[in-house]
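Visitor: Handing you this structure, nothing more for now.
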Amino acid sequence: MTHHSQAPTPAANVYDAEPIPPAARDEIDRLLQSGDLFRYTAPENAPVALLEREFAEMMGVKYALAVSSCSAALFLSLKALGLPRDARVLIPGFTFAAVPSSVVHADCVPVLCEVGDNYRIDIDDFTARLDSGISAVIISHMRGHTSDMDAIMALCDARGIPVVEDAAHSLGTEWADRKIGTIGRVGCFSFQSYKLVNAGEGGILITDDADLVARAVIMSGAYEHNWQKHLAPGDNSAALEQGFARWQNRLPLYNLRLSNLAAAVIRPQLPEVPRRVRDGRRNHDFVAERLNASPWLHVPSALPPEDRAPDSIQFNLVNMDDAQARAFAIAAADRGVKVQIFGHSTDNARAFWNWQFLPGSRPDLPQTRAMLMRACDARLPAHLTLDQCTAIADALVLAAHDVIGHAQVYGT
Ligand SMILES: *Cc1c(COP(=O)(O)O)cnc(C)c1O
């Protein structure tokens, strides 16, 4: 291979976040003036409570609970489902380490299933493992890639197995015109800085199940009668109140609350979501088309019901061996684009063999492993212009040429 250190590098800093809308400043200033940072101090309408109402309305669900992270939301979901110690929870073999971690944290046992080279759950393997004493399922819409939710819900509903959606990185994605995160019993989202809405840290869970959310609210740290501040004024919350009455003092308090400051940063970003989704999709599809024109790069297509909200792009290296795959990542970096190959980058938190904290024997998922050894990940935030996207796509295509050589590319 040849290095092209003289090649023009894409100017875009793909790690730059968008500025927080100015409206957040006034609200933060007000909070700093009053010192009112705790969600349960104000008698009503604390920023966290308003965020929960606005998020639930945006998603078209009855209840939302804002917490300290998506990991906390996943953990609380499992706890709120009332799973006994050592319950088996089925998760995809391709996800972020936070997912098996939340299962372990909830005293349950993660069971991994295979994921195909389109980054989506292998439904045959999922089905086979579902009948191995599984008590709950977490579907991780990894990087927004949505597995076949129709098949998954039919299989789980038929067995009475609850589904938790890890939609950490999928805000704005739709499946057959339904919002991702509203299809399973619970949906969990992240406000960590690399997600569509950025508060540094934060998360939220949504559900239509009053008893489940009542349990989650109490365990999130609504001690004494603070649950009253989760009843929306004027709203018919009888089912919710019954849930709180049932569970008061009967559940541990894990204290995973969100601060008013984080809510003040999040709320003015919610109206920005449709634009970020639109621009992210435009950038992704533009770059995907260019990558797919190369014989060495392949962006798997989405399943037909899926409308993604991408802020990054994933693609597979075609007909490259391990050495060529490594050389590709180096060539792309030389051309100014940082690419992670999930299975090659050191200690990658999305490679299941690095989850050495898992109990029991090491999982063996040959199909998922093969995918991870060729699947590349590059950031492609919504704020990039099409010129910047062109530069990124060109750099990736040329990096493949660097590795494979022009002769082969042009078939001489
Ligand atoms: C970011 C992410 C998480 C964890 O979210 P935190 O808010 O950082 O806990 C979980 N799952 C997926 C798929 C993610 O992308």
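Since every read-out is calculated from the coordinates, none of them should be taken as a lab result. The structure presented is a predicted model; accordingly, all values stated were derived computationally and were not measured. Note that each Cβ is placed from the backbone with ideal geometry, even for glycine, and that neighbours are counted across all protein chains shown.
Visitor: Where Rh is the Kirkwood radius over the Cα pairs of the chain, the temperature 10 °C and the viscosity 1.306 mPa s, what D in µm²/s does Stokes-Einstein return?
Guide: 71
Visitor: What FRET efficiency, computed as 1/(1 + (r/R0)^6) with R0 = 41 Å and r the Cβ-Cβ distance, is obtained for Val104 and Arg282, rounded to the nearest 0.05?
Guide: The pair Val104/Arg282 has a calculated efficiency of 0.60.
Visitor: Sort 242-251, 108-117, 51-60, 334-343 by the packing proxy (mean of other Cβ within 10 Å over each peptide's residues), most packed first.
Guide: The peptides rank, most packed first, as 108-117, 334-343, 51-60, 242-251.
Visitor: May I ask you to order 138-150, 171-183 by the average number of other C-beta atoms within 10 Å around their residues, highest value first? Intermediate results must be reported in sequence, preceding the final value.
Guide: Values: 138-150: 23.8, 171-183: 19.8.
The packing order, highest mean first, is 138-150, 171-183.
Visitor: Let me ask another. Could you check the spin-label model distance between Arg275 and Gln33? Points 7 Å from the Cα along Cα→Cβ, value in nm.
Guide: Here the answer is 2.7 nm between the modelled labels.
Visitor: To test your reading of the geometry: what angle, between 0 and 90 degrees and rounded to tens, separates the Cα axis of helix 273-292 from the longest principal axis of the chain?
Guide: Once rounded, the angle reads 20 degrees.
Visitor: What lysines sit close enough to Lys179 to cross-link, taking a C-alpha to C-alpha distance under 19 Å and skipping anything fewer than 8 places away on the same chain?
Guide: Lys62, Lys195
Visitor: Also, I was wondering about something else. For the chain, what is the relative contact order in percent, using Cα pairs closer than 8 Å and at least 6 residues apart in sequence?
Guide: About 22 percent, as a whole number.
Visitor: Could you sort the peptides 119-130, 158-169 by per-residue average Cβ neighbour count (10 Å cutoff), highest mean leading?
Guide: By packing density, highest mean first, the sequence is 158-169, 119-130.
Visitor: Moving on. Taking springs between alpha-carbon atoms closer than 10 angstrom, which of Ile20, Ile266, Ile91 fluctuates most in the Gaussian network model of the chain?
Guide: Result for the chain, Cα springs under 10 Å: Ile20 fluctuates most.
Visitor: State the extension gain, in nm to one decimal, for the chain segment bounded by Ala42 and Asp235, taking 0.36 nm per residue of separation less the distance between their alpha-carbons.
Guide: Separation in residues times 0.36 nm, less the Cα-Cα distance, equals 67.6 nm.
Visitor: Along the Cα→Cβ direction, 7 angstrom out, place labels at Thr385 and Glu57. What is the inter-label distance in nm?
Guide: So the two model labels end up 3.6 nm from each other.
Visitor: Multiply the residue gap between Ala17 and Asn249 by 0.36 nm, knock off their C-alpha separation, and tell me the result in nm, one decimal place.
Guide: 79.4 nm
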